[in-house]
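K.L.:
Below are the structure tokens for one structure; questions will follow.
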Amino acid sequence: MYKFLLAFFIVVTSTTGAAEPSQVQAVSSLTQELSAKELVTKIETQYQGKTSHGRTKMLIKTRHWQRTLEMESWSEGRDKFLTRILAPSKERGTCTLKVDDNIWNYLPRIDRMIKIPSSLMGESWMGSHLTNDDLVKENKIDQLYKLAIIASSTERITIEGIPLPQAAVVWGKIIYVVDPQKLIPIYIDYFDEEGVKVRTINFSEPALIDQRWIPKVMRIIPLEKPEEFTEMQYIEIEFDVSLSDGLFSLKSLRNR
Amino acid sequence: MIILRIAYRNLWRNKRRTQLTMIAMVFACSLLVFSLGYYDGILWNLINNATEKENGHITIARPGYVDAPSINSNFLPEAFFDEIGKEPINNIKGYCSRVTTFALLSSGPESKSQTQPSEIMGIDPVAESKLSKLADCVVEGSFIKGNEREIVLGRGLARRLKAKPGDEIILVSNGADGSIASEILILAGIIDTGEELRDSSLAIMNIREVQQLFVLGENVHSLRIFLEDPLSAKEVAKRLQKRTKSFEVTPWHSIFPQISSVLGIWFGMQLFTMAIYYAALAMITFNTMYMAFLERMHEFGVMRAIGLSRLKLSLLILFESFIIAGISGLIGITIGTAANYLLYYHPIDLSHWFDNLSWGGSFIKIQLFCVPGWSTTMMPFLAILVLGILVAAFPAFRLLRLKPVEALREA
Amino acid sequence: MNTVELKNTSRHYQSGSLVVKAVDQVDLHLKKGDFAVLAGPSGSGKSTLLNLIGGLDRPTDGEVYIDNELLNDKSDEQLSRERLEKIGFIFQAYNLIPVLTAYENVQFIMQIRGIPEKEHREKIMPLLKELGLEGLEDRKPPELSGGQQQRVAVARAIVLEPAIILADEPTANLDSETAVNLLQIMKQLNEEKNVTFLFSSHDPMVIEIAERVISMRDGKITRDERK
Ligand SMILES: Nc1ncnc2c1ncn2[C@@H]1O[C@H](COP(=O)(O)OP(=O)(O)OP(=O)(O)O)[C@@H](O)[C@H]1O
Ligand SMILES: [Mg+2]
């Protein structure tokens, strides 16, 4: 779950604030000549604001229950990310901090912090269909996969990603479909080691914000339970805000 | 019937021989009942060491739960009892309610805390103390006593968390409604179930607290039935299952297939033992019976001469043998069963002299423990009756073809 | 009417190449009420003849009739029945079932005959009294003297009022006084109840009492005289 969340934040942050219109044009015209890796890197890095601050809604639907969380989050570059639950009130104040490959959770009810050990990175984040691993790895597609364009048109380019040998990735393959005009992802399919499609992330409702297209909604569908999903939608977001010193530290988790 | 009376009286004719025959029969029969009871005792030990520790003899859960546990496959115990009717079987010792879920546990100072995934088992400490042997597995500290926020950890899990009794254990998970569950618990004790793999993830809490923490209300994930006779689990489960579709009733056999597979061999072993005991007995008794038979030829001739039919004469010898076998059998099973009852209620511990044996995830306690049982009593009894008839079959056959004139000539 | 009728009856034994003619072409008629003795030396065929008449043995040749019924054709089971209903047997010794009392030994035959239990006592007790066995009815054979045992055997043989009582040397194991005593009792029964008796003996004192003496030698009847 975390992975998607982070990816979503990154996508949101980068599209909304980071780039100038002229750059967008330039990138668009360049896509045909770019390699797959360059294209993905382009998409991902251009979404990087220096910093961001926003509010998101996360809807989790499972066979047994459905719930909506509202969260406030901050990011700095690719590697620092903090989110805090605003609603429901029972969980208000629950925080997740990611710095590099480490994730901590803060639980206000018991006033305790827990570092997620590497062995538990595959566990669900906040009961959603994202894992802790997703938070850490989602924004590094260009670094973890060997990418190749396998189909392309003016509307969409299909990129296949095979994990690099040294990358500790749980997937066997991904199919990354992007819109070269708007420079946004359309969907990503995840395949397991046997080549069976196990998960899809759909990006939808593209909106032009600060002259950049960003998908406002991201839906994660685990294919073994197709009736379930986690959907994230941003409510508001601002970029290149000044963030207080030590925001991405354990101390700030508790003080917030 | 006169034949029966003669048969019965004949037993006391040569008292010593009858007594010797009967002593042999009583000895073999009682020893056999005892041996079969002892076999069952070993089997019970084997089964109960595996089942009574934690699993119970029968698991009641929502369909599919046993194979794929999910926090959402829960139910109100009342729902089950409403459907089945309470106390449907008289050999039930009791029920344990269980809740099982997963959580992250961590311990130690925040800066270098250890975090481990674990299986949280919510138990009712009162019911468990009566039925399961979980509390006996505590190797350090104490079991759940019903105090607030207690947790008991498997030995391996405690080691990984570097936690000692009295330490704080942090629990984080998601409740049945998806909400975040978190709690600070106090490590009450450390448990060693004998299964290393399980001990490296098992954590036990009071079921009330687990239900609250994981938003389960009064619901449970399973009911564990504990029986007096573990061997009856399959029938009981079948009977229960017939009465319900909304629950799955699983006997221990499918949870401990290795132990279940012994059952067939066991019965075979019992039959084999019976065959050996009785083969030896048949050889002894046949001899004495046949000697007695030969000595009475003249008498048989007289009976035939005065008009007794050969069929009735054959019956006479069959009855004699049958009565000896029957009386000996009754005495034998009485002695054997008495011994079994004695050792059932007062087993003798032999572990000072022998090491315990480990088998199939369970271990066999070396003790003199017997289980009196209907079949282990009746089988030897019925078999000795059959033996009585078989031993007399040859003499009886000879009587059918007896020539009175020849018989009479024997002095 | 003949109670017993033998027509040219033989019983030969084949032992190796030798043929032993235990009974050889015997013709014999016994009438109701006869009190006859088979006299003859040892090996003359007395026992064999009695067994043939009693249906315990089958003749190798000739015919045996009891109450005008041919025994030759009957099966073993039918012969059993015949013995039970028409013949009383008394042997030399060990006639009784050792585990039953005197009373029960007599009763035994009534039971296998299927006579209702309530009739037993009224029939057995007077009979035992008549035979001088009063007060001994609950004794078992080992607790009775040889003569008493033989008298119980007589009681058992007679209780169902058979057509004939066959006695193979009934007195051989008794001293002569007791022997004569037993014979007199039998004679008395013969006279009072008109029971037919055929017994074997080589005791002259016993032979003396008989009304008809049938002498045998080498399987043949050599003399048959009535007194
Ligand atoms: N089963 C047999 N096989 C061969 N020979 C036999 C058999 N039974 C009897 N005999 C012979 O038949 C003859 C008649 O025997 P049986 O017993 O009838 O004589 P018996 O007159 O009764 O003599 P005893 O006064 O000694 O009793 C004897 O020579 C005897 O050896
Ligand atoms: Mg003779």
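K.L.:
Let me spell it out: the conditions are (1) more than 16 Å from ligand 2 (Cβ to nearest atom); (2) touching a residue at least 40 places away in the same chain (Cβ under 8 Å), and residue C:38 meets all of them except one. Which number is the exception?
P.N.:
With (1) more than 16 Å from ligand 2 (Cβ to nearest atom); (2) touching a residue at least 40 places away in the same chain (Cβ under 8 Å) applied to residue C:38, the lone miss is (1).
K.L.:
From the list C:25, C:92, exactly one residue is within 16 Å of ligand 1 (Cβ to nearest atom) and either crowded, with 23+ Cβ neighbours inside 10 Å or in a loop (DSSP other than H, G, I, E, B) (or both). Which is it? Working first, answer last.
P.N.:
Numbers: C:25 fails: either crowded, with 23+ Cβ neighbours inside 10 Å or in a loop (DSSP other than H, G, I, E, B) (or both).
Just one listed residue meets the conditions, C:92.
K.L.:
Here are A:143, A:181: which of them is surrounded by fewer than 18 Cβ atoms within 10 Å (Cβ to Cβ) and in a helix (DSSP H, G or I)?
P.N.:
Details: A:181 fails: in a helix (DSSP H, G or I).
A:143 is the lone residue from the list that is surrounded by fewer than 18 Cβ atoms within 10 Å (Cβ to Cβ) and in a helix (DSSP H, G or I).
K.L.:
I need the full set of residues from the stretch C:43-72 which are within 16 Å of ligand 2 (Cβ to nearest atom), in a loop (DSSP other than H, G, I, E, B) and either of a type outside the set (Ser, Thr, Tyr) or at pLDDT below 90 (or both), in order please.
P.N.:
Of the residues in the stretch C:43-72, the ones within 16 Å of ligand 2 (Cβ to nearest atom) are C:43-54, C:56-57.
From what is left, the residues that are in a loop (DSSP other than H, G, I, E, B) are C:43-45, C:54, C:56-57.
Selection gives C:43, C:45, C:54, C:56, C:57.
K.L.:
Being among the hydrophobic types (A, V, I, L, M, F, W, C), modelled with pLDDT of 90 or more and assigned to a helix (DSSP H, G or I), is that true of even one residue in the stretch B:367-375?
P.N.:
No - not one qualifying residue is present in the stretch B:367-375.
K.L.:
If the requirement is being more than 15 Å from residue B:193 (Cβ to Cβ), away from chain A (no Cβ under 14 Å) and among the charged types (D, E, K, R), which of these qualifies: B:124, B:136? Outline the logic, then answer.
P.N.:
On the way: B:136 fails: more than 15 Å from residue B:193 (Cβ to Cβ).
Result: B:124 is the single residue among B:124, B:136 that is more than 15 Å from residue B:193 (Cβ to Cβ), away from chain A (no Cβ under 14 Å) and among the charged types (D, E, K, R).
Condition check ((1) of a type outside the set (A, V, I, L, M, F, W, C); (2) within 24 Å of residue B:10 (Cα to Cα); (3) away from every other protein chain (no Cβ under 14 Å)) across all residues:
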{"residue": "C:108", "(1), (2), (3)": "no, yes, no"}
{"residue": "C:112", "(1), (2), (3)": "no, yes, no"}
{"residue": "C:117", "(1), (2), (3)": "yes, yes, no"}
{"residue": "C:123", "(1), (2), (3)": "yes, no, yes"}
{"residue": "C:126", "(1), (2), (3)": "yes, no, yes"}
{"residue": "C:132", "(1), (2), (3)": "yes, no, yes"}
{"residue": "C:136", "(1), (2), (3)": "no, yes, yes"}
{"residue": "C:145", "(1), (2), (3)": "yes, yes, yes"}
{"residue": "C:152", "(1), (2), (3)": "no, yes, no"}
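K.L.:
Still on this structure, I have one more. Of all residues in the stretch C:158-188, which are closer than 22 Å to residue C:69 by Cα and within 16 Å of ligand 1 (Cβ to nearest atom)?
P.N.:
C:166, C:167
K.L.:
Then there is this: Which residue pairs have Cβ atoms closer than 6 Å, lie 6 or more positions apart in sequence or on different chains, and pair a first residue in the stretch C:92-104 that is under 15 Å from residue B:295 (Cα atoms) with a second residue that is within 16 Å of ligand 1 (Cβ to nearest atom)?
P.N.:
Cβ pairs passing all conditions: C:94/B:298.
K.L.:
Looking at the stretch A:94-116, which of the residues that are among the β-branched types (Val, Ile, Thr) and more than 9 Å from chain B (Cβ to nearest Cβ) is farthest from residue A:74 (Cα to Cα)? Show your work before the answer.
P.N.:
First, the residues of the stretch A:94-116 that are among the β-branched types (Val, Ile, Thr): A:94, A:96, A:99, A:103, A:110, A:114, A:116.
Checking which are more than 9 Å from chain B (Cβ to nearest Cβ) leaves us with A:96, A:99, A:103.
Numbers: A:96: 11, A:99: 12, A:103: 14 Å.
Once the filter is applied, the top-ranked residue is A:103.
K.L.:
Name every residue in the stretch A:61-93 that is more than 9 Å from chain B (Cβ to nearest Cβ) and assigned to a loop (DSSP other than H, G, I, E, B), in order of residue number.
P.N.:
Answer for the stretch A:61-93, where residues must be more than 9 Å from chain B (Cβ to nearest Cβ) and assigned to a loop (DSSP other than H, G, I, E, B): A:77, A:78, A:79, A:92, A:93.
K.L.:
Hey, which of the strands (runs of 3 or more DSSP E) in the stretch B:160-235, taking only ones fully inside, have at least 1 residues that are surrounded by fewer than 19 Cβ atoms within 10 Å (Cβ to Cβ) and within 14 Å of chain A (Cβ to nearest Cβ)? If you could, list the steps in order and put the result at the bottom.
P.N.:
On the way: elements: B:168-174, B:180-191, B:202-206, B:222-227.
The qualifying strands (runs of 3 or more DSSP E) are B:168-174, B:180-191.
K.L.:
Moving to a separate point now. Could you list all residues from the stretch B:394-411 that are more than 16 Å from ligand 2 (Cβ to nearest atom), surrounded by 13 or more Cβ atoms within 10 Å (Cβ to Cβ) and part of a loop (DSSP other than H, G, I, E, B)?
P.N.:
The answer is B:402, B:403.
K.L.:
Checking residue B:270 against (1) in the same structural domain as residue B:34 (by TED's automatic domain parsing); (2) over 16 Å from the mean Cα position of the chain (by Cα): exactly one of these is not met. Which one?
P.N.:
Residue B:270 satisfies all of (1) in the same structural domain as residue B:34 (by TED's automatic domain parsing); (2) over 16 Å from the mean Cα position of the chain (by Cα) except (2).
K.L.:
Hey, can you tell me all the residues within the stretch B:58-110 that are assigned to a loop (DSSP other than H, G, I, E, B) and over 28 Å from residue A:63 (Cα atoms)? If you could, list the steps in order and put the result at the bottom.
P.N.:
Within the stretch B:58-110, the subset assigned to a loop (DSSP other than H, G, I, E, B) is B:62-74, B:76, B:85-91, B:108-109.
B:85, B:86, B:87, B:88, B:89, B:90, B:91, B:108, B:109 - these are the residues of the stretch B:58-110 that are assigned to a loop (DSSP other than H, G, I, E, B) and over 28 Å from residue A:63 (Cα atoms).
K.L.:
If you don't mind, another one. Looking at the stretch B:309-322, is at least one residue under 23 Å from residue C:153 (Cα atoms), without any contact (Cβ under 8 Å) to a residue 60 or more places away in the chain and within 14 Å of chain C (Cβ to nearest Cβ)?
P.N.:
Yes, there is a match, as at least one residue in the stretch B:309-322 is under 23 Å from residue C:153 (Cα atoms), without any contact (Cβ under 8 Å) to a residue 60 or more places away in the chain and within 14 Å of chain C (Cβ to nearest Cβ).
K.L.:
OK, next. Given the residues A:194, A:224, A:205, which is the only one that is among the acidic types (Asp, Glu) and part of a strand (DSSP E or B)?
P.N.:
Just one listed residue meets the conditions, A:205.
K.L.:
For residue B:82, state whether it is of a type in the set (Asp, Glu) and either within 27 Å of the chain's Cα centre (by Cα) or at pLDDT 90 or above (or both).
P.N.:
no
K.L.:
Can you find a residue that is in contact (Cβ under 8 Å) with a residue 24 or more places away in the chain, away from chain B (no Cβ under 11 Å), in contact with a Leu (Cβ under 8 Å, 6 or more places away or on another chain) and more than 16 Å from ligand 1 (Cβ to nearest atom) anywhere in the stretch C:63-81? Walk me through how you get there before you give the answer.
P.N.:
Keep residues of the stretch C:63-81 that are in contact (Cβ under 8 Å) with a residue 24 or more places away in the chain, which gives C:63-68, C:79.
Of the ones still in play, those that are also away from chain B (no Cβ under 11 Å) are C:63-68.
Next, from what is left, pick out any that are in contact with a Leu (Cβ under 8 Å, 6 or more places away or on another chain): C:63-65.
From what is left, the residues that are more than 16 Å from ligand 1 (Cβ to nearest atom) are C:63, C:65.
Yes, the stretch C:63-81 contains a residue that is in contact (Cβ under 8 Å) with a residue 24 or more places away in the chain, away from chain B (no Cβ under 11 Å), in contact with a Leu (Cβ under 8 Å, 6 or more places away or on another chain) and more than 16 Å from ligand 1 (Cβ to nearest atom).
K.L.:
Checking the conditions here, which among B:313, B:308 is part of a helix (DSSP H, G or I), hydrophobic (A, V, I, L, M, F, W, C) and out of contact with any Asp or Glu (no Cβ under 9 Å at 6 or more places or on another chain)? Give the derivation first.
P.N.:
Values: B:308 fails: part of a helix (DSSP H, G or I).
So the residue among B:313, B:308 that is part of a helix (DSSP H, G or I), hydrophobic (A, V, I, L, M, F, W, C) and out of contact with any Asp or Glu (no Cβ under 9 Å at 6 or more places or on another chain) is B:313.
K.L.:
Taking interchain pairs and intrachain pairs at least six residues apart, which have beta carbon atoms under 7 angstrom, with the first residue in the stretch C:19-31 and farther than 11 Å from residue C:214 by Cα and the second of a type in the set (Val, Ile, Thr) and near ligand 1 (Cβ under 10 Å from one of its atoms)?
P.N.:
Correct list of pairs: C:22/C:48; C:23/C:48.
K.L.:
Every residue in the stretch B:292-309 that is touching a strand residue (DSSP E or B) at 6+ places or on another chain (Cβ under 6 Å) and under 15 Å from residue B:409 (Cβ atoms), please. Give the derivation first.
P.N.:
Step one: of the stretch B:292-309, the residues touching a strand residue (DSSP E or B) at 6+ places or on another chain (Cβ under 6 Å) are B:305-306.
Within the stretch B:292-309, just B:305 meets the criteria.
K.L.:
With respect to the numbered conditions (1) away from ligand 1 (no atom under 16 Å from the Cβ); (2) surrounded by 15 or more Cβ atoms within 10 Å (Cβ to Cβ), which one is the sole condition not fulfilled by residue C:118?
P.N.:
Of (1) away from ligand 1 (no atom under 16 Å from the Cβ); (2) surrounded by 15 or more Cβ atoms within 10 Å (Cβ to Cβ), only one is false for residue C:118: (2).
K.L.:
If you take the residues in the stretch C:1-17 that are within 16 Å of ligand 1 (Cβ to nearest atom) and at pLDDT below 90, which one is farthest from the other protein chains (Cβ to nearest Cβ)?
P.N.:
Keep residues of the stretch C:1-17 that are within 16 Å of ligand 1 (Cβ to nearest atom), which gives C:6, C:9-17.
Restricting the remaining residues to those that are at pLDDT below 90 gives C:14-17.
Details: C:14: 15, C:15: 14, C:16: 18, C:17: 22 Å.
Within the stretch C:1-17, the match that is farthest from the other protein chains (Cβ to nearest Cβ) is C:17.
K.L.:
Also, I was wondering about something else. Cβ-Cβ under 7 Å, sequence separation 6+ or interchain: first residue in the stretch A:204-227 and closer than 15 Å to residue A:179 by Cα, partner outside any strand (DSSP E or B) and aliphatic (A, V, I, L, M). Which pairs?
P.N.:
Qualifying pairs under 7 Å: A:212/A:19; A:212/A:24; A:213/A:183; A:214/A:11; A:214/A:12; A:215/A:11.
K.L.:
Tell me which of these residue B:60 doesn't satisfy, since it passes every other one: (1) farther than 26 Å from residue B:231 by Cα; (2) in contact with a helix residue (DSSP H, G or I) (Cβ under 7 Å, 6 or more places away or on another chain); (3) crowded, with 16+ Cβ neighbours inside 10 Å; (4) not charged (D, E, K, R).
P.N.:
Among (1) farther than 26 Å from residue B:231 by Cα; (2) in contact with a helix residue (DSSP H, G or I) (Cβ under 7 Å, 6 or more places away or on another chain); (3) crowded, with 16+ Cβ neighbours inside 10 Å; (4) not charged (D, E, K, R), the lone unmet condition for residue B:60 is (1).
K.L.:
Residues of the stretch C:151-185 being among the polar types (S, T, N, Q) and more than 16 Å from ligand 2 (Cβ to nearest atom), which ones?
P.N.:
Residues of the stretch C:151-185 among the polar types (S, T, N, Q): C:171, C:173, C:176, C:178, C:181, C:184.
If the condition is that a residue be among the polar types (S, T, N, Q) and more than 16 Å from ligand 2 (Cβ to nearest atom), then C:176, C:178, C:181, C:184 are the ones that fit.
K.L.:
Checking the condition touching a residue at least 60 places away in the same chain (Cβ under 8 Å) and either more than 30 Å from residue B:349 (Cα to Cα) or of a type in the set (Lys, Arg) (or both), which residue from B:49, B:55, B:74 passes?
P.N.:
Details: B:49 fails: either more than 30 Å from residue B:349 (Cα to Cα) or of a type in the set (Lys, Arg) (or both); B:55 fails: either more than 30 Å from residue B:349 (Cα to Cα) or of a type in the set (Lys, Arg) (or both).
Among B:49, B:55, B:74, only B:74 is touching a residue at least 60 places away in the same chain (Cβ under 8 Å) and either more than 30 Å from residue B:349 (Cα to Cα) or of a type in the set (Lys, Arg) (or both).
The values are calculated or read from the model by the stated rules, or taken from the named source; none is laboratory data. Keep in mind the model is a prediction, meaning the values are calculated, not measured. Methodologically, a virtual Cβ is constructed for each residue, glycine included, from the backbone with ideal geometry; neighbour enumeration extends over all protein chains shown.
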